[in-house]
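Single-structure report; data block below.
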Amino acid sequence: GGACGIVGGSVAFAAGRGQLLGGLLLTVGGWRAIFLVNVPVVVAAVAVSWWAVPRRPGIVPATRFDWPGAALLAVVLIGSAVLVIESRHAPATLVPGIALLAVLTFLFVRRELRHPDPVLQPRFFANRAFAGSNAAIAASNLAFYTVLLATPVLLTRRLDWSSMQIGAALAFLSAPMVVFS
C-alpha cells in the first residue's frame, strides 16, 4: 500500500508539474529537449535498479515468457493508438480497423487463457472488485489525460499560445489534482 501511494503521488505530482517543465524545455531547447531530459533519469533508474534489485543466480522460471502473447498485446495497443490518431485522416479505415482490432483482441485473450503464465491474466477480470477498480482507474486516466493532452492542442490552435504559456496554465489548472490525490 505504501509503495502504491508513493507511485500514485509521484505520478500525480509529475502530471501536475510536468506541463510547466515541458513548456520551459520546449521554449528553451525545442522539442528534442523533451527526450534529452529523460537520459539522466533513465541512467539513474538503471543505476539504482542495478544496486537495489537482488541477484538470484541459478533460479530458472517454471515456464517460458509468453513472447507471442506480448507481441499480440503490443500489436493491439499500437493498433488502437494508430486507429485513434489516423482515422481522422482516413475515416474509411475506422470500421475495418475496429474489426481487425476486435479479432486481434479475441486472439490475444484466447491465447492468454491457454498459456500457463500469461502476460495478462484475463481471468482476473472475473473478480468484480478487480474489474471495477480497473474500470474506475481507466475512466479516471481517460478523463485526466484527455484534458492534459487536448488542452495544449486547443490552446495552440485556437489562441496561438506559446509552449511556456500552456505549461504554466496547465500547471495552475492541475494544482488541485496534485493536492487532493
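The values are calculated or read from the model by the stated rules, or taken from the named source; none is laboratory data. Bear in mind that the values here come from a model prediction, so they are computed numbers and not experimental data. Counting neighbours? That spans all protein chains shown, and the Cβs are built from the backbone with ideal geometry, glycine included. To get the accessible areas, we keep the full protein, side chains included, count just its heavy atoms, and leave off ligands, DNA and RNA. Shrake-Rupley method; radii C 1.70, N 1.55, O 1.52, S 1.80 Å.
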Some residue of segment 133-141 being free of Cβ contacts under 8 Å to residues at least 60 places away in the same chain, closer than 30 Å to residue 29 by Cα and not hydrophobic (A, V, I, L, M, F, W, C):
yes
From the option list 178, 119, single residue qualifying as out of contact with any strand residue (DSSP E or B) (no Cβ under 7 Å at 6 or more places or on another chain) and at pLDDT below 85 is 178
Regarding segment 9-18, can at least one residue be identified that is open to solvent by 90 Å² or more (accessible area, probe 1.4 Å), closer than 18 Å to residue 146 by Cα and either hydrophobic (A, V, I, L, M, F, W, C) or not in a helix (DSSP H, G or I) (or both)?
yes
Checked segment 61-79 for anything open to solvent by 100 Å² or more (accessible area, probe 1.4 Å), closer than 18 Å to residue 113 by Cβ and part of a helix (DSSP H, G or I); matches are 67
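For the subset of segment 111-125 comprising residues that are over 13 Å from residue 73 (Cβ atoms) and basic (Lys, Arg), which member is least open to solvent (accessible area, probe 1.4 Å)?
123
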Would you be able to say whether some residue in segment 134-154 is within 29 Å of residue 13 (Cα to Cα), over 20 Å from the mean Cα position of the chain (by Cα) and open to solvent by 60 Å² or more (accessible area, probe 1.4 Å)?
yes
Given the options 100, 77, 72, name the one that is closer than 24 Å to residue 142 by Cα, of a type outside the set (Val, Ile, Thr), touching a helix residue (DSSP H, G or I) at 6+ places or on another chain (Cβ under 6 Å) and free of Cβ contacts under 8 Å to residues at least 40 places away in the same chain.
72
Residue 104 fails exactly one of the following numbered conditions: (1) open to solvent by 60 Å² or more (accessible area, probe 1.4 Å); (2) of a type in the set (A, V, I, L, M, F, W, C); (3) at pLDDT 85 or above. What is the number of that condition?
(1)
Within segment 27-60, work out how many residues are open to solvent by less than 70 Å² (accessible area, probe 1.4 Å) and within 26 Å of residue 173 (Cα to Cα).
5
Kindly indicate which of 32, 17, 56 is basic (Lys, Arg) and in contact (Cβ under 8 Å) with a residue 24 or more places away in the chain.
17
Selected residue (only one of 3, 44 is part of a helix (DSSP H, G or I), out of contact with any helix residue (DSSP H, G or I) (no Cβ under 9 Å at 6 or more places or on another chain), over 30 Å from residue 117 (Cα atoms) and aliphatic (A, V, I, L, M)):
44
